[in-house]
Amino acid sequence: MSLIKSAINRPTAVLMFFLAILVTGFMSMYRLPLELTPEVDYPKLSVTTSWFNSSAEMVEAYVTSPIEAVAQNPD
């Protein structure tokens, strides 16, 4: 017997099947947690540079600036 013939011959069974799917869907929908602003962890990278016995301007010019230039243009 094909699926269509059995669905036509048993309309109550088909209705109960779809009601069961509908009730299961509504129960699942209401049990899902809903957050308007979920917590998101953004990836972070921190690089610390130091050059002992030198000024901050020299560290920036000779160490930090070249690192930043490579980080912005990795090619």
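Read-outs: derived from the displayed coordinates by stated rules, not from any lab. It should be emphasised that the depicted structure is a prediction, and the values quoted were computed from it without experimental measurement. As a convention, Cβ positions derive from the backbone with ideal geometry for all residues, glycine included, and neighbour counts pool all protein chains shown.
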Within the chain, DSSP-loop chymotrypsin sites (Phe, Trp or Tyr not before Pro) with at most 15 other C-beta atoms within 10 Å are TRP51, PHE52
Taking 0.36 nm per residue of separation between TYR62 and SER2 and subtracting their Cα-Cα distance, the length gained on full extension comes to 13.7 nm
Cα-based Debye curve of the chain sampled at q = 0.12, 0.16, 0.23 Å⁻¹ gives log₁₀ I(q)/I(0) of -0.65, -0.82, -1.06
Asserting the computed 222 nm helical MRE of the chain (DSSP H runs at least 4 long, -39500 (n - 2.57) per run, divided by residue count, to nearest 500) equals -15500 deg cm²/dmol
